[in-house]
Amino acid sequence: MKRGIFLPLVTVLGFVFLYAPILSLIVFSFNESRLVTVWGGFSTRWYGQLFRDPQILNAAWISLRVAVVSASIAVVLGTLVAFVLMRFGRFRSRALLTGMATAPLVMPEVITGLSLLLLFVSMEQLLGWPAGRGETTIIIAHITFCLAYVAVVVQSRLAGMDQSVEEAAMDLGARPVRVFFDITLPIIAPALVAGWLLAFTLSLDDLVIASFVTGPGASTLPMVIFSKVRLGVSPDVNALATIIIGIVALGVGIAMWQMRRAIRRDRE
């Protein structure tokens, strides 16, 4: 009996420990008072003030632009890497490609950011590109580590895919490119959507790597939030964090829906 009560109790306490601070942040984002720890009544004034802040709006636009571009390119490159690793068997550089694709998963962000900064500086000295650090270097850096996550997601989908469908199509005369676009791509589409959403979320959330490779005039939203929090938490930061939580929750919900839809389709 005690054992039956202990496990649910620990589970509930764990969820409370994880989500109570987030819930408190959301509640106090609707606080009338300027003090974030003193409830002064319900109000949406801080959301209005947030959308009138040019620094926040500019940083949000940069973060969204960087996240969309880097996630889209990472999906293309990550899918190619996963397809090569799963379908091309053993080849001479397979171990090297596997190591390069999985290194960003285990590499500390500080090391990744520093190495990319040194790379960009060396490239500017030798080639003249990229000219300084800014939005372009952030996109390249985010593609570098988002690609690994996309490759893992797509690779797991390819591993559970029935290849007899592709073989049947090739037996009927379809070329490999036609088989990929007409059969393989629609089957792994849910994994591509999930990989894109994961890469988008990781790019939108990144602070450490972007801090190394950015320059003047290209501050992302996490960087602006971090600079504001260092001076003290203000109610508009709570409002901004609530909006980000809503966007991330929506993305996670869409990804879960896509995965369940794919599982249901496979069963049918």
Specify which of the listed residues (I188, I263, I225) is within 27 Å of L35 (Cβ to Cβ) and at pLDDT below 90. I225
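Where residues in the range 123-134 are surrounded by fewer than 20 Cβ atoms within 10 Å (Cβ to Cβ) and in contact (Cβ under 8 Å) with a residue 24 or more places away in the chain, which of them is nearest to the chain's Cα centre (by Cα)?
Taking the range 123-134 and keeping what is surrounded by fewer than 20 Cβ atoms within 10 Å (Cβ to Cβ), we get 123-132, 134.
Among the residues that remain, those that are also in contact (Cβ under 8 Å) with a residue 24 or more places away in the chain are: 132, 134.
Numbers: G132: 25, G134: 20 Å.
Applying the filter and picking the extreme gives G134.
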Residue ID - surrounded by the most Cβ atoms within 10 Å (Cβ to Cβ), chosen from residues in the range 44-76 that are closer than 25 Å to P216 by Cβ and among the polar types (S, T, N, Q): S70
Looking at the range 156-173, I want the residues that are assigned to a loop (DSSP other than H, G, I, E, B) and have a partner that is β-branched (V, I, T) with Cβ atoms under 8 Å, at least 6 apart or on another chain. Which pairs are those? M161/T184; M161/I187; M161/I188
Which residues, taken from the range 1-43, are exposed (fewer than 12 other Cβ atoms within 10 Å of the Cβ), β-branched (V, I, T) and not in a helix (DSSP H, G or I)? T37, V38
Of everything in the range 28-55 that's of a type in the set (V, I, T) and either in contact with a Pro (Cβ under 7 Å, 6 or more places away or on another chain) or within 19 Å of G232 (Cβ to Cβ) (or both), which residue is modelled with the highest pLDDT? V38
Condition (residue is farther than 30 Å from M161 by Cα, modelled with pLDDT of 85 or more and not in a helix (DSSP H, G or I)) applied to the range 95-108: is it met by at least one residue? yes
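Condition check ((1) more than 23 Å from G215 (Cα to Cα); (2) in contact with a helix residue (DSSP H, G or I) (Cβ under 6 Å, 6 or more places away or on another chain); (3) among the hydroxyl-bearing types (S, T, Y)) across all residues:
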| site | (1), (2), (3) |
| --- | --- |
| R94 | yes, no, no |
| G134 | no, no, no |
| D162 | yes, no, no |
| V179 | yes, yes, no |
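Over 20 Å from S211 (Cβ atoms), part of a helix (DSSP H, G or I) and either among the polar types (S, T, N, Q) or under 24 Å from the mean Cα position of the chain (by Cα) (or both): is that true of L116 in this structure? Walk me through how you get there before you give the answer.
Values: over 20 Å from S211 (Cβ atoms): no; part of a helix (DSSP H, G or I): yes; either among the polar types (S, T, N, Q) or under 24 Å from the mean Cα position of the chain (by Cα) (or both): yes.
It is false that L116 is over 20 Å from S211 (Cβ atoms), part of a helix (DSSP H, G or I) and either among the polar types (S, T, N, Q) or under 24 Å from the mean Cα position of the chain (by Cα) (or both).
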Among the residues of the range 124-141, is there at least one that is part of a helix (DSSP H, G or I) and under 30 Å from R267 (Cβ atoms)? no
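Restricting attention to the range 228-260, and to residues there that are among the polar types (S, T, N, Q) and modelled with pLDDT under 80, which single residue is nearest to the chain's Cα centre (by Cα)?
First, the residues of the range 228-260 that are among the polar types (S, T, N, Q): 234, 238, 242, 258.
Now drop any that are not modelled with pLDDT under 80, which leaves 234, 258.
Numbers: S234: 26, Q258: 16 Å.
Taking the candidates together, the pick is Q258.
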From the list F91, F51, F30, which residue is among the hydrophobic types (A, V, I, L, M, F, W, C) and over 28 Å from the mean Cα position of the chain (by Cα)? F91
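Conditions (1) among the acidic types (D, E); (2) surrounded by 20 or more Cβ atoms within 10 Å (Cβ to Cβ); (3) touching a residue at least 40 places away in the same chain (Cβ under 8 Å), marked per residue:
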position: A199; (1), (2), (3): no, yes, yes
position: L204; (1), (2), (3): no, yes, yes
position: L207; (1), (2), (3): no, no, no
position: F212; (1), (2), (3): no, yes, yes
position: S227; (1), (2), (3): no, no, no
position: D236; (1), (2), (3): yes, yes, yes
position: L240; (1), (2), (3): no, yes, yes
When L172 is run through (1) modelled with pLDDT under 85; (2) closer than 30 Å to W39 by Cα, the failure sits at (2)
For a quick check of your reading of the model, give me the residue pairs whose first member lies in the range 27-52 and is free of Cβ contacts under 8 Å to residues at least 60 places away in the same chain and closer than 15 Å to A241 by Cβ, whose second is of a type in the set (A, V, I, L, M) and not in a loop (DSSP other than H, G, I, E, B), with beta-carbon atoms closer than 8 Å and at least 6 apart or on different chains. F51/L57
Could you figure out which of (1) in contact (Cβ under 8 Å) with a residue 24 or more places away in the chain; (2) surrounded by fewer than 18 Cβ atoms within 10 Å (Cβ to Cβ); (3) out of contact with any Pro (no Cβ under 7 Å at 6 or more places or on another chain); (4) in a helix (DSSP H, G or I) isn't true of R261? (3)
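The values are calculated or read from the model by the stated rules, or taken from the named source; none is laboratory data. Quantities reported herein were computed from a predicted structural model and do not represent experimental measurements. Note that each Cβ is placed from the backbone with ideal geometry, even for glycine, and that neighbours are counted across all protein chains shown.
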